Amino acid sequence: MSNSTEPRDPTYTPRDATPARRFPVREIVLFGALLAAVLAVYALMGAAYSTRMLVEAACYAILALGLTIQWGYAGQFNAGVMGFVALGGFCAMLFSVPVNDAFWGTELPGELGRVLLYGVAATFLVVGASRLDRLGVPGKLRTLITVLLALVLYLVVISQLREVTNQIQSQAGFVGGFGLPAWVGWIVGGALAGGVGYLIGHVCLGLRSDYLAIATLGIAEIIKAFLKNSDWLTRGTATVSPLPWPTPGPAELGFTLSRAVYLSITAVVIAVIFFLLHRAYHAPWGRMIRAIRDNEVSAAAMGKDINKRRLEIFVLGCILMGLGGGMLGTFNSLFDPQGYLPLNHTFLVLVMVILGGPGNNLGTIFGAVAVYIIWIMSEPLALFLMQLAVSFGEGAFGWDAPNNMDSRALQARVLVIGMLITLVLRFAPKGLLPEKITHHG
């Protein structure tokens, strides 16, 4: 058997299998256009208004990053963003509002703690009853015992809780806060949102994407209803304000400078989140998450724990939503459970992710800022166009100006966002900055 080898060409140079990096023309053009839009808003609306808009857009960018890792990384459609944002805002309020001496100076904290301990004990009893099958109890009997026990314990605990909460409302108004720095509430808000997401994930992540969306939407409404009706905890519809900032406020620095300082904090938070997500996306963990998203059966055949990884990504996204909700609530200096709306805190975030590109962190930030500018500026631009039309109609045809032009201009935002999402889905279904997928082999 001959072992013939051909002589190697000395001029041959092996080609690198790594694809060449392209010049980011699209990114430069889009962010250049976005910068021009921001400068135009500054010129038209003034520095104080524009800086406020950028701070709110930055908070929404954190929410959008939480959704893009759930939907873009793992294909999980979370329609309950509003609920996790509300939890973050609640924690920001609870930890930053001054201490209410009318509550803590009485016996009411002890009574409330006693009832909460009863609730914890009842929970353990129900969980223990749900596992009676390990002692040989038949499954149907175990289920019956668990349901009846849960119903009875719920009625007992809720009756005692109502007695205590009625006393709180009559004597102290509400429990008040802890008087801690606002950033403590942000961290706890993210942790609380992540904990709730962990509980939801155990139940809902086994559902198909459309059923998962319905389940998360319903859970978000439950969270909102709880916060709205718990007057002893959140003052309900009476709202809680003002919420202290972690930075000097407008009284010390003026509106523009104080908002600029707050904007710098949100920019630092976004930079840290972007760096961590970028590293995670290109790490083996990120490749595994995308493999599960693209072909769950093949990933499971390779020995990957599908349910554990999906739960990880869902909890991580909820943490970012809670963090962003806390920062947004603190900046608005108001906690109003009725102010959390699916249109503002779920659908708008979804549009941001779709416009920027699901799974692309940089595209998500671009989409968040761009969509929020369009959302905010649609009202004054629509009012300006309406006033021009009325002026022309009065001079040419003798029209009478309507009395509710302001409210009509406000509704124009919904029309503009609807047109925007329609155009994006038609001409750029993967977003303006789609996810960069590297093909191997």
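The values are calculated or read from the model by the stated rules, or taken from the named source; none is laboratory data. These numbers were taken from a predicted model, which means no experiment stands behind them. Don't worry about glycine lacking a Cβ; one is built from the backbone with ideal geometry, like all the others, and counts go over all protein chains shown. The accessibility values were calculated without ligands, DNA or RNA, using every heavy atom of the protein model including side chains. Shrake-Rupley method; radii C 1.70, N 1.55, O 1.52, S 1.80 Å.
Can residue 271 be described as over 23 Å from residue 62 (Cα atoms), in a helix (DSSP H, G or I), among the small types (Gly, Ala, Ser) and without any contact (Cβ under 8 Å) to a residue 12 or more places away in the chain? Here the answer is no, as residue 271 does not meet what is asked.
Among the residues making up segment 138-164, those that are of a type outside the set (D, E, K, R) and either touching an Asp or Glu at 6+ places or on another chain (Cβ under 8 Å) or assigned by TED's automatic domain parsing to the domain that holds residue 90 (or both) are 139, 164.
Listed by first and then second residue, the pairs linking a residue in segment 381-401 that is more than 26 Å from residue 40 (Cα to Cα) to a residue that is open to solvent by 70 Å² or more (accessible area, probe 1.4 Å), with Cβ atoms under 6 Å apart and 6 or more places separating them unless they lie on different chains, are 393/399. Among the residues of segment 185-224, write down those that are β-branched (Val, Ile, Thr) and either touching a Pro at 6+ places or on another chain (Cβ under 7 Å) or open to solvent by 30 Å² or more (accessible area, probe 1.4 Å) (or both). If the condition is that a residue be β-branched (Val, Ile, Thr) and either touching a Pro at 6+ places or on another chain (Cβ under 7 Å) or open to solvent by 30 Å² or more (accessible area, probe 1.4 Å) (or both), then 187, 188, 196, 203, 214, 219, 222 are the ones that fit. As for segment 214-230, it holds no residue that is on the phi > 0 side of the Ramachandran plot and either among the charged types (D, E, K, R) or free of Cβ contacts under 8 Å to residues at least 40 places away in the same chain (or both).
I'd like the residue in segment 225-239 that is surrounded by 15 or more Cβ atoms within 10 Å (Cβ to Cβ) and assigned to a helix (DSSP H, G or I) and, out of all such residues, is modelled with the lowest pLDDT.
Looking at residues that are surrounded by 15 or more Cβ atoms within 10 Å (Cβ to Cβ) and assigned to a helix (DSSP H, G or I), I get 236.
Condition check ((1) out of contact with any helix residue (DSSP H, G or I) (no Cβ under 6 Å at 6 or more places or on another chain); (2) among the charged types (D, E, K, R); (3) at pLDDT 95 or above) across all residues:
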| site | (1), (2), (3) |
| --- | --- |
| 308 | yes, yes, no |
| 328 | no, no, yes |
| 337 | no, no, no |
| 370 | no, no, yes |
| 377 | yes, no, no |
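The set of residues from segment 284-309 being open to solvent by less than 80 Å² (accessible area, probe 1.4 Å) and under 15 Å from residue 359 (Cβ atoms) comprises 285, 286, 288, 289, 290, 291, 292, 293. Of the residues making up segment 140-158, those that are of a type in the set (A, V, I, L, M) and surrounded by 15 or more Cβ atoms within 10 Å (Cβ to Cβ) number 5. Scanning segment 388-416 for residues that are open to solvent by 90 Å² or more (accessible area, probe 1.4 Å) and either closer than 25 Å to residue 371 by Cβ or hydroxyl-bearing (Ser, Thr, Tyr) (or both) returns 406, 408, 411, 415. Say we look at segment 73-112 and pick out the residues that are open to solvent by less than 10 Å² (accessible area, probe 1.4 Å) and among the polar types (S, T, N, Q); which of these is nearest to the chain's Cα centre (by Cα)? Result: 78.
State yes or no: is residue 179 surrounded by 15 or more Cβ atoms within 10 Å (Cβ to Cβ) and in the same structural domain as residue 62 (by TED's automatic domain parsing)? Spelling it out, it is not the case that residue 179 is surrounded by 15 or more Cβ atoms within 10 Å (Cβ to Cβ) and in the same structural domain as residue 62 (by TED's automatic domain parsing). The single residue among 310, 290 that is closer than 19 Å to residue 362 by Cβ, assigned to a helix (DSSP H, G or I) and among the basic types (Lys, Arg) turns out to be 290. List pairs: first in segment 109-137 and not assigned by TED's automatic domain parsing to the domain that holds residue 147, second open to solvent by 70 Å² or more (accessible area, probe 1.4 Å), Cβ under 8 Å, 6+ apart or cross-chain? From segment 109-137, no pairs qualify.
Would you say residue 280 is at pLDDT 95 or above, in a helix (DSSP H, G or I) and not assigned by TED's automatic domain parsing to the domain that holds residue 165?
In short, no.
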